[in-house]
Amino acid sequence: MSNYNLYDSIFEPICVVNKSNEIVYYNHYFASFFKKSPRILKKGPKLRSLFTGFEIESFLYDIQGVKVGPEVEIYLDDQTFYHVIIKAIEANDEKIVCFNDISIEKNLYTKYRYQIEELKEIHNQIIQADKLSTIGEITATISHEISNPLTIASGNLELVDALISNENIESKDLITGSIHDTKDSIDRITKIIKGLKSFLHNKDSNKKFISVEKVVERSLSLLKVPLEQDGIKVEFDCKSSSIILANPIEMEQVIINLVTNAIHALVDAKVASPTITITITKDDVCHIINVIDNGPGINAENKDQIFESFFTTKEVGEGTGLGLAISSKIIDSYSGSLKLVDSDSGCNFEITLPKMETTSFTDSELSINLDFKRVLVIDNEPQILNLFAKYFKDGPVNLIFASDAIEAQRLLLGTNVDAIITDYDMPEKNGVEFAKELASQGDETPVFIMSGVAQKNLIAGYQEIKGFLEKPFEKEDILDLLGIKSEENN
């Protein structure tokens, strides 16, 4: 028994049980933790009699080395409960059992989780308020975009009415054309309204793979009228395809805020040839978006404050002072950055966002299930990537994504996967070339090609290709390709 005396100095409940799981030793902290007197514990009660909520005897059965249990709740006789992690070590014919009490940490975690949820809700409310402010600023665009098709529709209906009263059979073609134009006008209005509903929708926390170019194009379309009315030229230069994992509505909000600020600066300064330049570039790990104007720039004394909430250089009532603050928080939430770049003239805001490969790898590491196969999916179409993510959000596959072969090779330098599914048509290097290069490096990971049926013959005979996934495909097709039984057949 003296061998166990050293446990008396440890501030964790520790006991030793025999083959029958009867207590043969306990330290001082064990007695106080379980609220049992030494008189009771010296009788050698079974460990299971001290608490409920966890099958301790099943846990202690067949221990080899050190065994660590899951986080569990145990209940004492007085119905108090603790969050514990139970650890056991086999020592000859006995077992040493330690109850790691994490109740305080668990309670703090729960408290902080609730506080974080409250902060998220407040943050969402502020973002929603900024959306409403943004909608107010682009009302001219909305009014113009809707009034034009309404005028066309109204004029065509008047023409149809006049033609119907005319018995001339040659009027039929004119009537058909007028009806077609009216339908187009109504479709245009419907599209505008749907876009506004999407922008104002409050439940926009879901991330998906999106094209940054498309985000910029949609944002500029909402600002089309003020840009044209104020004679502002927009230059959009996209040097590379750029797919990120983000919420498209939030990203549009950021671009609209930056471009709107540039419009105000150019108009207020009465710049002779006002120009806004938007560029998209990338380096090894990030996509970089620059929104640049040739206005007067920002005063040195204001540069340190522009990202603070409610800071504005506009007159009272003309600005909320939330646009840049919210934009910065949105970009931060995607592990990116929004900063003002020093320049000799004008204003240059730079957004840096991690490539989708980095984000998807991090997400995969955080949610990895060792029972699932790990699969790398390579495609430069956001819709395909989103389809895979939708199919396997709950398993039975852990997914990592890449937008092209070069990015995929970078990923494979730092991680192992069980299989690779790659599109055939990709920039710089097609799927077969990627598979052959991988095989030449001694990598035996099975590679599957996905493409339309027309490309199936192109890959026939390549031993580096282990299978073909024909587009369009369903979840079952992917599972069959990977040799995974579907839940329906299990």
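No lab work stands behind these numbers, since they all come straight from the coordinates. Bear in mind that the values here come from a model prediction, so they are computed numbers and not experimental data. Neighbour counts run over all protein chains shown; Cβ positions are idealised from the backbone, glycine included.
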Subject >> Whole-Hz ³J(HN,Hα) from phi, Karplus 6.51 cos²θ - 1.76 cosθ + 1.60, for the stretch 433-440, glycine and proline x >> reply: 4, 4, 5, 5, 5, 5, 5, 5
Subject >> Tensor-based shape of the stretch 2-101 (alpha-carbon gyration tensor, a/c under 1.5 rounded, otherwise prolate or oblate) >> reply: rounded
Subject >> Surrounding net charge for residue 7, when Lys and Arg each add one and Asp and Glu each subtract one, Cβ distance under 14 Å >> reply: -1
Original post:
When the chain is fully extended, how far beyond the present Cα-Cα distance does residue 92 get from residue 436, taking 0.36 nm per residue of separation?
Top reply: 118.3 nm
Original post:
Given a Förster distance of 41 angstrom, what is the FRET efficiency for residue 301 paired with residue 206, based on the Cβ-Cβ distance and rounded to 0.05?
Top reply: 0.55
Original post:
Can you give me the relative contact order of the stretch 2-101 as a percent, contacts being Cα pairs under 8 Å and 6 or more apart?
Top reply: 27
Original post:
Hey, with R₀ at 41 Å, roughly what FRET efficiency would residue 63 and residue 37 work out to, going by the Cβ-Cβ distance, to 0.05?
Top reply: 0.90
Subject >> Linear extension gain, residue 230 paired with residue 100, 0.36 nm per residue minus alpha-carbon span >> reply: 40.1 nm
Subject >> Local electrostatic count, residue 446, Cβ distance below 9 Å [Lys/Arg +1, Asp/Glu -1] >> reply: -1
Original post:
Hey, with R₀ at 60 Å, roughly what FRET efficiency would residue 456 and residue 20 work out to, going by the Cβ-Cβ distance, to 0.05?
Top reply: 0.35
